[in-house]
Amino acid sequence: MSRSIKQKPAMNKTIDVLVAGGGAAGLATGLALAQAGLTVTIAGVPETIRDDARSAALFASSFTFLDRIGAGDRLRAKGWPLRAIRIVDVTGALVRSPTTTFKAIEIGEPAFGWNIANAEILAELIAMAKETLGIVLLPGLVTTHRMGGGSVTAVLSDGAEITSRLLIGADGQKSSVRQVAGIKARIKPYRQVAITARATHARDHDDISTEFHTRQGPLTFVPSGERRSAIVWLMRPEEADRRLALPLAEFTREMERMSGHFLGPLTLEGPQGRVPMQKLVAEHLVAARVALVGEAAHAFPPIGAQGLNLGFRDCDALAKRVSEAFRAGRDIGSEEVLAAYARDRKVDVEARSAGVDILNTAIIGNLLPLDLARAAGLGLFNAVPPLRRLAMRLGGGMPVFGAK
């Protein structure tokens, strides 16, 4: 899948916003700001989109934002609805957690969200950016930046320099914007690697995302088409290396055995990806004329499909604060504006990051107290419907007040 980037930046003036990072979070933020009337350049937009078999289950909070910028229907058309989420304990623990199924209909929704291939998300957002006035797309990466009074000047990998009133770091876990801005990050590596893949299967998934909790991490099958699923399998690095070295048929049989053959015979298609796992949380979301969104600000294992959903909530919150300041004629990169964004996001980012870390630790910990706590928690969700509905709303980023 290829997209040619033809726009050229205006080098002789200060623009409103430079977004470092042409992934989903950077593109979505740039779109929201350009639609509000700001001049935006997005650097690091790939000219060729690589399909690594990864996908994102986008929930209600993401589509509230995506609908606002006009991307919701385009992305739904590329995805598959997730009407239920099932958790199955195959850890072999002495105290086994009960199988738990969360159904969207219980909270009055037709689906929790849609599962969409990362490559499709990127392709649609790039296409939208090319159609939007006020956006310039560049392939060069932001390598460093320097302050200059009421502006910030970034240097790109091709030597170009761009001056803006606000620099947004959306350049991933190894963010150069975060590092140059002096923002430290708390990093916790896990002895886990995620293998990503796609497969067709004999049985219908019934629009249910099924997560098998193994001692090395979850094995998750997320609906991505008719009798087709995206797969994310967390395991120890040495196991990932061993499995990826196997003949495809043998690798597939191991996956079928681990999941109890619940979808029947699997046929893997396309590439398999290998992604090391870590938890990363930036100590601050902002610095002088700099704001972080997406994986430049936070990253963690793909448990509960929180990653990109959390990133889109960053994009939404930052775009709102910056657009409000722009309409009011205030400095969009001021300490006041950026501090408000950081306050908006701090609790959500810290809580979600901690929650995923606790759950991942409980799954792989192999400790009786953790197994007891996990079993008790899922047992409560099964036994107390109001608590289960609350968990579903919180997990999907939905409002909880007024919930049935």
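Summed over the range 233-272, the residues that are assigned to a helix (DSSP H, G or I) and of a type in the set (Phe, Trp, Tyr) give a count of 1. Please tell me if Ala319 is part of a strand (DSSP E or B) and buried (at least 24 other Cβ atoms within 10 Å of the Cβ). No, not satisfied.
Taking every residue in the range 337-355 that is hydroxyl-bearing (Ser, Thr, Tyr) and pairing it with any residue that is open to solvent by 30 Å² or more (accessible area, probe 1.4 Å) and assigned to a helix (DSSP H, G or I), at least 6 positions away or on another chain, the pairs with Cβ-Cβ distances below 6 Å are Tyr341/Arg321. Residue count for the range 110-146 under the criterion of being under 21 Å from Ser157 (Cβ atoms), under 15 Å from the mean Cα position of the chain (by Cα) and open to solvent by 40 Å² or more (accessible area, probe 1.4 Å): the result is 0. Among the helices (runs of 4 or more DSSP H) confined to the range 3-107, the ones with at least 1 residues that are at pLDDT below 95, open to solvent by 10 Å² or more (accessible area, probe 1.4 Å) and out of contact with any Leu (no Cβ under 7 Å at 6 or more places or on another chain) are located at 60-68. Just so you know, in the range 276-290 the residues that are open to solvent by less than 50 Å² (accessible area, probe 1.4 Å) and of a type in the set (D, E, K, R) include one that is farthest from Val17 (Cα to Cα), and it is Lys279. Checking Val155, Val136, Val177 one by one, the residue that is part of a helix (DSSP H, G or I) and farther than 30 Å from Phe112 by Cα is Val177 and no other. Taking first residues from the range 194-217 that are touching a residue at least 12 places away in the same chain (Cβ under 8 Å) and on the phi > 0 side of the Ramachandran plot and partners that are surrounded by fewer than 19 Cβ atoms within 10 Å (Cβ to Cβ) and part of a strand (DSSP E or B), the Cβ contacts under 9 Å between residues at least 6 apart in sequence or on separate chains come to Asp207/Pro81.
The values are calculated or read from the model by the stated rules, or taken from the named source; none is laboratory data. Since the model is a prediction, treat every value here as computed from it, not as a measurement. Using ideal geometry, Cβ is built from the backbone for each residue, glycine included, and neighbour counts are taken over all protein chains shown. Heavy atoms of the whole protein, side chains included, go into the accessibility calculation; ligands, DNA and RNA do not. Shrake-Rupley method; radii C 1.70, N 1.55, O 1.52, S 1.80 Å.
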